[in-house]
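Taking it in order: structure first as structure tokens, then the write-up.
The values are calculated or read from the model by the stated rules, or taken from the named source; none is laboratory data. Model, not experiment: these values are computed from the prediction. Using ideal geometry, Cβ is built from the backbone for each residue, glycine included, and neighbour counts are taken over all protein chains shown.
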Amino acid sequence: MSVPTAAADQSVCAPLPVLGRDVTVPLVTGGEVTYAALDYAASAPALQRVWDDVAAYAPYYGSVHRGAGYLSQLSTDLFENARRTVAEFLDCRTGDQVVFTRSTTDSLNLLAAALPDGCEVFVFETEHHASLLPWRDARVTYLDAPDSPRRAVETLEHALAGRDPHGPALVCVTGASNVTGELWPVRELAAAAHAHGARIVLDAAQLAPHHPVSVRDLDVDWVAFSGHKLYAPFGSGVLAGRSDWLREAEPYLAGGGASRRVGRRADGGVDVEWHDSAARHEAGSPNVIGAYAVASACKALTEAGFDTLIAREEQLIRTVREGLADVPEVRFLSLFGDDAPRVGVLSFVVEGWNSSHFAAALSAEYGIGVRDGLFCAHPLVRTLLGSDPQSQGECGAPEAAPGEKSLNAIRVSFGAGTPDEHVERFVRAVRELVRDGARWSYRTEDGRCVPDTSDRA
């Protein structure tokens with residue numbers, strides 16, 4: 001069975017075509033401009049290839065598994081092929097399972113629910129909340145923010161040294177920071193974990209869209225990522241890796257699809273035999289379109305070639321760093337230093353500016369979408385800023401006087417679909433706002449900074 005598939009774009013000259021690349025937005029100062037989407041770290045736009053593949057499949061959509069009809073069988077085949085495509089994309093080992101979830105957050109909560117009794121969890125305070133918070137029911141050790149990749153490995157080794165190597169333990173670590181974009185020493189951390197009898201899960205939400213991720217080469221036990229950051233925003237995520245803990249755990253959700261057999265017991269209760277496969281944790285009607293979109297994105301990125309994508313992204317990073325190097329009011333945030341390898345994610349503060357005010361001005365006056373705040377990584381951002389967690393900035397005035405600490409930050413992020421012009425416009429806009437100030441007045445509304453008067457749709 002086959003579904004019509006959109007032809008792959010044979011050109012690897014970036015940017016890759018994405019939805020929304022021609023969308024225009026109004027400016028408060030008058031006129032319209034093509035929207036510069038520079039918030040990829042939150043959600044990346046859908047690749048045109050992904051959208052076309054999904055549109056080609058949509059008329060053939062049907063129920064997955066157990067259906068006798070042609071469309072059901074076709075959809076089942078497509079769903080399971082998507083699982084195999086993701087396994088190939090991640091270079092999974094023989095016997096690894098690929099479970100489709102809703103997101104990275106969902107994936108890590110699934111794994112948290114599958115931890116063996118007495119499992120210890122080790123996690124750096126620098127993690128995104130998706131990988132920092134799911135372990136509430138485990139014995140958790142939170143590790144201090146390291147100032148270098150080497151220190152990260154040393155910190156983990158020191159924390160693991162005193163534990164019983166025969167008891168279950170899990171290390172959770174990000175591949176690339178959603179705040180600083182810095183790459184973490186995953187392979188070395190995995191080696192340290194395994195040397196002390198622990199397993200490791202990689203949060204690849206920010207890594208997989210930018211760099212190849214090989215479960216086999218990195219020697220991680222599990223990897224989690226989200227479709228909506230991988231240019232496939234249709235509500236699907238992935239948890240891939242070793243099957244034993246997943247197979248032995250109670251189903252993440254109880255319901256149809258997770259059960260192999262259900263019967264009544266003599267005492268009137270219900271007797272259930274659960275699947276041993278990935279289906280054990282995929283109860284209910286699965287998100288077929290989401291899974292297919294993830295697989296399509298995996299194919300598109302592989303065909304484009306990560307070497308080419310990485311080289312272009314590094315050039316965009318240089319455009320930002322070099323373009324703002326002589327603006328002393330701008331300070332970029334980092335753990336490992338300004339020269340540390342990173343993906344296209346950069347956070348910064350502007351001296352004398354409220355970050356929400358600055359981000360609002362970028363949007364309203366330049367048509368540039370960035371993010372401001374603490375980026376669902378509160379401990380990390382507060383460590384980098386040295387800010388008081390109880391403090392609140394107000395839109396109408398600078399949040400910090402010159403020389404004082406900022407309360408939150410601004411994040412610019414980009415990827416395979418970002419045109420050069422968007423990044424160049426961003427650099428020009430930052431320079432102009434720092435030099436000349438905002439051209440419009442702003443107010444606080446529902447906790448957000450917005451233009452004081454605007455007829456924007």
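When the residues of region 186-203 are filtered to those that are free of Cβ contacts under 8 Å to residues at least 40 places away in the same chain and not in a helix (DSSP H, G or I), which remaining residue is nearest to Val121 (Cα to Cα)?
Result: Ile200.
Out of Val50, Val25, Val33, Val86, I need the residue that is at pLDDT 95 or above, among the β-branched types (Val, Ile, Thr), part of a helix (DSSP H, G or I) and more than 30 Å from Pro149 (Cβ to Cβ). Which one?
Of Val50, Val25, Val33, Val86, the one residue that is at pLDDT 95 or above, among the β-branched types (Val, Ile, Thr), part of a helix (DSSP H, G or I) and more than 30 Å from Pro149 (Cβ to Cβ) is Val50.
All but one of (1) in a helix (DSSP H, G or I); (2) surrounded by 19 or more Cβ atoms within 10 Å (Cβ to Cβ); (3) modelled with pLDDT under 95 hold for Ser387; state the number of the condition that does not hold.
(1)
Test each condition in (1) closer than 30 Å to Ser334 by Cα; (2) within 22 Å of the chain's Cα centre (by Cα); (3) in contact (Cβ under 8 Å) with a residue 12 or more places away in the chain for Leu133 and report the one that comes out false.
(3)
With respect to the numbered conditions (1) touching a Pro at 6+ places or on another chain (Cβ under 6 Å); (2) buried (at least 18 other Cβ atoms within 10 Å of the Cβ); (3) within 21 Å of Thr383 (Cβ to Cβ), which one is the sole condition not fulfilled by Ala112?
Condition not satisfied by Ala112: (3).
Take the conditions of a type in the set (Gly, Ala, Ser), at pLDDT 90 or above and under 29 Å from the mean Cα position of the chain (by Cα) and apply them to Ser243. Does it pass?
Numbers: of a type in the set (Gly, Ala, Ser): yes; at pLDDT 90 or above: yes; under 29 Å from the mean Cα position of the chain (by Cα): yes.
For Ser243, the condition - of a type in the set (Gly, Ala, Ser), at pLDDT 90 or above and under 29 Å from the mean Cα position of the chain (by Cα) - is met.
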